Amino acid sequence: RPPPRLTKHTSSSKSHLATKMKYTAAALLASGASAFTTSGNALPAATRPQAAAQAPTMAVAGGINGFGRIGRLVARIMAKSDAIDLKLVNSGAANEYMAYQFKYDSIHGRYPGTIEPTADGLMIDGVLTPTTHTRDPSEIPFGAMGAEYICESTGAFLTADKVAPHIAAGAKKIIFSAPAKDDSPTVVMGVNEETYDPSMVAVSCASCTTNGLAPMVKAINDKFGIEEGLMTTVHAMTATQKVVDASSNKDWRGGRCASGNIIPSSTGAAKAVAKVIPDVKGKLTGMAFRVPTADVSVVDLTVKLNTATSYDDICAEVSRLADGPMTGILGYCDEPLVSTDFETEPTSSVFDAGAGIMLSPKFVKCVAWYDNEWGYSNRVVDLMCHMAAVDAKVAV
């Protein structure tokens, strides 16, 4: 049996995964903060790739609007990255509470550095990050604070029209940490980042599930072709769900107790893949089961292929991509792992070789894990860095 492609490491008494990373200067720009992350809570500077020295010395000027699950993790990633500076965070919370939320995390552990609230913002690892506290984006001083590339993670401003005040306030580009609610372009890193154009102002990073699904779809479709398929994501609980049975006129089942039920739900993730892989338009759809776990989700992609193959050949192709052109985006695992083993895993989608099955040479079920919080947050920062690199006319 070959050695496992992903090996377990221990950090803060939890097992995590470390994915082999290969970086060039171009990949660093395209991969932004994930170049400086590992699969534990330590985020040691020693893991930073040598290629960083070849990257432009000017860091991307980043900002965050909204300090929820994704906003806080994006802030953690940015604070440990040399590729991007955190110039401003806007949140409705007081600085003292923001510091508490930033320092402690039930899933990803205590922040591996120092954090103190001040009158002007958050002192993170000895560097002041200014904060503001307004619900009106036109009042956020993006321009005055030099914040150009903004992670919009409130969930309230997901159209080009709604982020026009952000631009008027001095922001240069907006990155939605959710699917757009208009026709704003969608970019999934490692899948269609080449479609980004400097003329784009508001760009969606899609959803966590689209980022967990699209790399596997790309790998399989590029090599074997997908005739049609169904996707199911077994998804961890999120803040939109209810702690106890409550009311939800939009989704009656979604109003039930999240921690006590497996809840069937809708998801647009499979159809959204067609936005970044046009070749599968009309060929994929899917649904979700919300399950009582705090983090990490797993996607089941069951497809009919155009080209007959074997499951071993599919595994070999994913392994090749994981070690090559899709390193850091698509991972490969041949260990018998479970969901908690993938907590704080930065890779977008980790193919589980032991979980998939094949019925016939053209009909196969493939399985991939994704940390719907940490993996996705890394891609948001990567997208910010990629957009800045393209805007600066740096070849990526």
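The values are calculated or read from the model by the stated rules, or taken from the named source; none is laboratory data. Not measured: the values here are computed from a predicted model. Heads up, the Cβs are rebuilt from the backbone with ideal geometry, glycines too, and the neighbour counts pull from every protein chain shown. Heads up: the accessible areas ignore ligands, DNA and RNA and are worked out on the full protein's heavy atoms, side chains in. Shrake-Rupley method; radii C 1.70, N 1.55, O 1.52, S 1.80 Å.
Being open to solvent by 20 Å² or more (accessible area, probe 1.4 Å) and either under 18 Å from Ala214 (Cα atoms) or in a strand (DSSP E or B) (or both) is the filter here, so list the residues in the stretch 330-342 that pass it. Scanning the stretch 330-342 gives a single hit, Tyr332. Name the residue that is surrounded by the most Cβ atoms within 10 Å (Cβ to Cβ), counting only residues in the stretch 152-170 that are free of Cβ contacts under 8 Å to residues at least 40 places away in the same chain and among the β-branched types (Val, Ile, Thr). Looking at residues that are free of Cβ contacts under 8 Å to residues at least 40 places away in the same chain and among the β-branched types (Val, Ile, Thr), I get Val163. Elements of the type helices (runs of 4 or more DSSP H) sitting completely within the stretch 140-252 and holding at least 2 residues that are in contact with a Leu (Cβ under 9 Å, 6 or more places away or on another chain) and closer than 18 Å to Ala388 by Cα: these cover 142-145. Restricting attention to the stretch 343-372, the residues that are open to solvent by 20 Å² or more (accessible area, probe 1.4 Å) and touching a helix residue (DSSP H, G or I) at 6+ places or on another chain (Cβ under 9 Å) add up to 4.
Residue selection: Asp279 fails the criterion of being out of contact with any helix residue (DSSP H, G or I) (no Cβ under 8 Å at 6 or more places or on another chain) and open to solvent by 20 Å² or more (accessible area, probe 1.4 Å). Listed by first and then second residue, the pairs linking a residue in the stretch 98-122 that is closer than 15 Å to Glu373 by Cα and assigned to a loop (DSSP other than H, G, I, E, B) to a residue that is open to solvent by 80 Å² or more (accessible area, probe 1.4 Å) and modelled with pLDDT under 95, with Cβ atoms under 6 Å apart and 6 or more places separating them unless they lie on different chains, are Gly109/Ser12.
Considering the stretch 203-236, and only residues there that are open to solvent by 10 Å² or more (accessible area, probe 1.4 Å), of a type in the set (A, V, I, L, M, F, W, C) and more than 16 Å from the chain's Cα centre (by Cα), the residue that is farthest from Asp182 (Cα to Cα) turns out to be Phe224. Being touching a helix residue (DSSP H, G or I) at 6+ places or on another chain (Cβ under 9 Å), open to solvent by less than 40 Å² (accessible area, probe 1.4 Å) and assigned to a strand (DSSP E or B) narrows it down to one residue among Leu73, Leu88; which is it? After applying the criteria, what remains is Leu88.
Of the candidates Tyr97, Tyr149, the single residue that is open to solvent by less than 40 Å² (accessible area, probe 1.4 Å) and closer than 16 Å to Ile64 by Cβ is Tyr149. In summary, Asn378 fulfils each of the numbered conditions (1) of a type outside the set (D, E, K, R); (2) in contact (Cβ under 8 Å) with a residue 60 or more places away in the chain; (3) open to solvent by 20 Å² or more (accessible area, probe 1.4 Å) with the single exception of condition (3).
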